[in-house]
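Step one of this worksheet: look at the structure below.
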Amino acid sequence: MDTYTRDLSLSKVLESDLADIEKTLKRIAEGNYGICKYCGKEIGEKRLIARPVSSACVSCKNKLQNGA
């Protein structure tokens with residue numbers, strides 16, 4: 001992999017991470033941080049510690065990944 005391709009890939013990852021952070025800050029400002037956007041239940045503390053930008057609880061995330 002050449003430097004340009006590697007840097008471009010890294011740039012895309014960083015842009016995605018920044019977008020996730022901005023969405024999380026918006027949820028904090030709106031007062032719905034830690035609430036699943038799909039089912040409305042609280043996102044577990046362990047999940048938020050592991051991935052603070054999570055917008056879905058583990059159950060809903062698994063359903064989405066499995067196409068349910």
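Coordinate-derived values only; no laboratory data. Everything numeric here is computed off the predicted structure, so don't read it as measured data. Counting neighbours? That spans all protein chains shown, and the Cβs are built from the backbone with ideal geometry, glycine included.
Does E45 fit the bill of being free of Cβ contacts under 8 Å to residues at least 12 places away in the same chain, surrounded by 10 or more Cβ atoms within 10 Å (Cβ to Cβ) and of a type in the set (D, E)? No. Looking at segment 1-42, which of its residues are part of a helix (DSSP H, G or I), loosely packed, with under 12 Cβ neighbours inside 10 Å and acidic (D, E)? Within segment 1-42, D7, E15, D17, E22, E30 qualify. The set of residues from segment 50-68 being outside any helix (DSSP H, G or I) and either surrounded by 11 or more Cβ atoms within 10 Å (Cβ to Cβ) or in contact with a Pro (Cβ under 7 Å, 6 or more places away or on another chain) (or both) comprises R51, P52, V53, S54, S55, A56, C57.
Among the residues of segment 47-59, the one identified as of a type outside the set (A, V, I, L, M, F, W, C) and over 26 Å from L14 (Cβ atoms) is S59.
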